[in-house]
Structures are given as structure tokens and as C-alpha cells.
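The values are calculated or read from the model by the stated rules, or taken from the named source; none is laboratory data. Not measured: the values here are computed from a predicted model. Positions of Cβ are backbone-derived with ideal geometry, glycine not excepted, and every protein chain shown enters the neighbour counts. Protein only, heavy atoms only, side chains kept; ligands, DNA and RNA dropped before computing areas. Shrake-Rupley method; radii C 1.70, N 1.55, O 1.52, S 1.80 Å.
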Amino acid sequence: MIPSITVQEGLIYLMVTMSAVDRHMDDKELARIGRLVQFWPVFDQFDEADIMPAAQTCHELLSEPEGLDIVLEIIKEVVPQRLHDTAYAIGVEIASADYDVKVEEIRLLQLLRDRLGLDKLTCAALERSAIARYRNASS
């Protein structure tokens with residue numbers, strides 16, 4: 001059964017899933033989740049106190065059989081189509097939080113792209129934008 005959640009909670013599920021996909025949620029990823037909720041307009045009117053309950057519910061869902069598929073379906077159901085590219089951009093932000101995108105994170109981004117029906121060009125542009133934002137001066 002798909003829980004009744006808000007769009008913002010669905011995006012929290014996405015961030016938690018992206019952060020946990022490599023089985024290691026580090027402080028940089030958790031801090032990035034908090035910053036995205038504070039600064040991205042899609043989270044306007046979202047109470048930051050609701051991050052942890054949503055994250056815990058997502059974690060419980062992920063630990064069930066077929067948990068990843070369930071969470072991806074929830075995201076697809078609660079995030080309106082006009083925000084699908086925003087959801088993908090949020091996934092890229094979390095994947096790039098530690099400046100080292102893992103194979104598991106790339107695979108989850110591919111699953112997300114397919115589930116949300118996003119075209120490869122849009123996704124490539126969002127990924128390229130993240131690369132430009134997180135490049136340091138010495139590399």
C-alpha cells in the first residue's frame with residue numbers, strides 16, 4: 001500500500017534513497033538534504049521538522065522486499081510530472097554531495113529517469129550542470 005504523502009515528502013524519500021543506495025549515508029549527504037530543503041523553492045511551506053519522520057518512513061520502506069521499487073513508485077505517484085526534472089536534479093545533487101558519484105548512484109539515477117519518463121538529453125543537462133557547480137578551481 002502506498003502511503004499518502006506530500007510532494008515534498010516524496011522528494012525527501014528520493015534524497016534518502018539516493019543517499020542510502022551505496023549503503024553509506026555520510027554527513028555531507030545529510031547536510032545537503034537539509035540545505036536543499038532550506039533553499040529550493042519546491043520545499044517552500046515544508047516544515048524542516050518533518051524531514052526525519054519522512055526519512056525514517058522511507059528507510060522502513062526500503063528495508064522491505066522490493067523496497068526500492070516501492071519507493072520509486074511512490075515518488076512517481078506523488079511528484080507531479082511538471083516536477084519530474086526537479087526530482088531528477090535533486091537526485092543528482094545528493095549523488096554529487098560527496099564529489100564522488102558511485103556506480104550504485106548512477107544506476108539509481110537511471111532507474112529514476114526511466115520511472116519518471118525523462119529524456120536522456122534533459123538528464124544529461126542536469127548532470128552537466130552539477131559537474132559545473134561542484135568543480136573546484138584546482139582540478
Check your understanding: Quick one: would you say Val21 is in contact with a Leu (Cβ under 7 Å, 6 or more places away or on another chain) and open to solvent by less than 30 Å² (accessible area, probe 1.4 Å)?
Key -> no
Practice item. Of the conditions (1) over 15 Å from the mean Cα position of the chain (by Cα); (2) within 23 Å of Tyr134 (Cα to Cα), Val21 clears all except one; give me its number. Key: (1)
Point to revise | When residues of region 53-70 are limited to those that are of a type in the set (S, T, N, Q) and either assigned to a helix (DSSP H, G or I) or in contact with a Phe, Trp or Tyr (Cβ under 6 Å, 6 or more places away or on another chain) (or both), the one surrounded by the most Cβ atoms within 10 Å (Cβ to Cβ) | key: Thr57
**Study point:** Single residue of Gln38, Gln8 found to be among the polar types (S, T, N, Q), modelled with pLDDT of 90 or more and farther than 24 Å from Gln81 by Cβ
**Key:** Gln38
Check your understanding: Being open to solvent by less than 30 Å² (accessible area, probe 1.4 Å), part of a loop (DSSP other than H, G, I, E, B) and touching a helix residue (DSSP H, G or I) at 6+ places or on another chain (Cβ under 8 Å), is that true of even one residue in region 28-39?
Key -> no
Revision key, fill the gap. Restricting region 95-104 to residues that are out of contact with any Lys or Arg (no Cβ under 6 Å at 6 or more places or on another chain) and among the hydrophobic types (A, V, I, L, M, F, W, C), the one surrounded by the fewest Cβ atoms within 10 Å (Cβ to Cβ) turns out to be Val103
Review point. Which residue, of Arg107, Arg133, is outside any loop (DSSP other than H, G, I, E, B), open to solvent by 20 Å² or more (accessible area, probe 1.4 Å), of a type outside the set (Gly, Ala, Ser) and at pLDDT 90 or above?
Key: Arg107
Check your understanding: In the set Asp50, Asp85, which member is over 30 Å from Arg135 (Cβ atoms), open to solvent by 20 Å² or more (accessible area, probe 1.4 Å) and not in a loop (DSSP other than H, G, I, E, B)?
Key -> Asp50
Revision key, fill the gap. Taking region 110-125 and the residues there that are more than 13 Å from the chain's Cα centre (by Cα) and either among the hydrophobic types (A, V, I, L, M, F, W, C) or open to solvent by less than 20 Å² (accessible area, probe 1.4 Å) (or both), the one that is nearest to Ile5 (Cα to Cα) would be Leu118
Check your understanding: Which condition breaks for Ile75 when tested against (1) in a helix (DSSP H, G or I); (2) more than 12 Å from the chain's Cα centre (by Cα); (3) modelled with pLDDT of 90 or more?
Key -> (2)
**Study point:** Conditions (1) in contact (Cβ under 8 Å) with a residue 60 or more places away in the chain; (2) more than 12 Å from the chain's Cα centre (by Cα); (3) not in a helix (DSSP H, G or I): number failed by Asp100
**Key:** (1)
